[in-house]
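Q: One structure is given below, represented as structure tokens, and several questions about it will come after.
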Amino acid sequence: MSVIESILLAIIEGLTEFLPVSSTGHIIIGSSLMGISTHPFTKVFTVAIQLGAILSVVVLYWRKFLQSLDFYFKLAFAFIPAAIIGFLLDDYIDALLERVDVVGVMLIIGGVIFLFIDKIFEPNEKNLDQRITYPVALKIGFFQCLAMVPGVSRSAATIIGGLTQKLNKKTAAEFSFFLAVPTMFAATLYKMFSFYKNGYTFSVHEINLLFIGNVVAFIVALVAIKSFIAFLTKHGFKVFGYYRIIVGLVILILYYLGVDLAIV
């Protein structure tokens, strides 16, 4: 992997990790077009640079993270379902991650849902009670488990989960960002430990690429999160629905044409 390729993948990660468009689908396309999707370091890299993206949430919402212990307890409640199910179904989830066609199909299904979601949950925008209780946090956590199917998008699943609990778009999206911190941090550490346990070591060049990737992912994610909230509040989800459908169709067309797409 070159420095330019590491920067491009980090930009993709930073742009798509917190948007409801599936970062997995975009990483597939990006790494495949660059011809590095099957390289062992690519998988390590795309996992490790999630830490940079996570840090952007903490920096943007640092006051929230210093507010109270109650905030952390609610995040823990929301994190529990994914932690348990992810541990129990780890092998099955890894098998699903080999299915590029699943990614394409789930992108399209999610896209169709987003075409109608603004209308369905329109009354939420008038709901003055935006408190996230422990039961609400736990229910959103169960929705997050849907993102274990590649192509669903963790952000999409948790935002929809929040909307079903009568949260407005802004509150649902922000809680999705907060929940990403423990979820992605735990997943990243687990995957990195797995690589280490299997004997993977980094060269000096790869360490430099990881540093560059995390910095770029952090900066891009900062911009993406702030822009997403502003866009979502004003325009809603429909444009993301059309975008997901297009990306899903591109993946499926390439897949059935025999183009070598690999989930990293």
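Q: Run down 73, 18 and say which single residue is in contact with a helix residue (DSSP H, G or I) (Cβ under 8 Å, 6 or more places away or on another chain), at negative phi, touching a residue at least 12 places away in the same chain (Cβ under 8 Å) and buried (at least 18 other Cβ atoms within 10 Å of the Cβ).
A: 18
Q: Within region 35-52, can you find the residues that are at pLDDT 85 or above and of a type in the set (A, V, I, L, M)?
A: 48, 49, 51
Q: A further question follows. If you take the residues in region 196-248 that are assigned to a helix (DSSP H, G or I) and of a type in the set (Phe, Trp, Tyr), which one is surrounded by the fewest Cβ atoms within 10 Å (Cβ to Cβ)?
A: Filtering first and then ranking leaves 196.
Q: Ok, one more. Consider only pairs whose beta carbons are under 6 Å apart and that are at least six residues apart or on different chains; among these, list those whose first residue lies in region 45-59 and is farther than 15 Å from residue 183 by Cβ and in contact (Cβ under 8 Å) with a residue 60 or more places away in the chain and whose second residue is in a helix (DSSP H, G or I) and among the polar types (S, T, N, Q).
A: Once the first residue is farther than 15 Å from residue 183 by Cβ and in contact (Cβ under 8 Å) with a residue 60 or more places away in the chain and sits in region 45-59, its partners that are in a helix (DSSP H, G or I) and among the polar types (S, T, N, Q) give 49/214; 52/214.
Q: If you scan region 249-264, which residues turn out to be touching a helix residue (DSSP H, G or I) at 6+ places or on another chain (Cβ under 9 Å), over 16 Å from residue 26 (Cβ atoms) and part of a loop (DSSP other than H, G, I, E, B)?
A: Within region 249-264, 260 is the sole residue that qualifies.
Q: Let me ask something else. Which condition from (1) more than 24 Å from residue 54 (Cβ to Cβ); (2) without any contact (Cβ under 8 Å) to a residue 24 or more places away in the chain; (3) surrounded by 17 or more Cβ atoms within 10 Å (Cβ to Cβ) is the one that residue 91 breaks?
A: Every listed condition holds for residue 91 apart from (3).
Q: Sticking with this structure for a sec: Scanning region 117-140 for residues that are in contact with a Gly (Cβ under 8 Å, 6 or more places away or on another chain) and not β-branched (Val, Ile, Thr), which turns out nearest to residue 32 (Cα to Cα)?
A: The residue in question is 118.
Q: If a residue has to be assigned to a helix (DSSP H, G or I) and crowded, with 20+ Cβ neighbours inside 10 Å to count, how many in region 30-42 make the cut?
A: 5
Q: Please pick out the residue among 159, 245 that is under 16 Å from the mean Cα position of the chain (by Cα) and either among the hydrophobic types (A, V, I, L, M, F, W, C) or farther than 21 Å from residue 46 by Cα (or both).
A: The conditions single out 159.
Q: What's the total number of residues in region 100-125 that are in a helix (DSSP H, G or I) and among the aromatic types (Phe, Trp, Tyr)?
A: Final tally of qualifying residues: 2.
The values are calculated or read from the model by the stated rules, or taken from the named source; none is laboratory data. These numbers were taken from a predicted model, which means no experiment stands behind them. Every residue, glycine among them, receives a Cβ derived from its backbone with ideal geometry; neighbour counts consider all protein chains shown.
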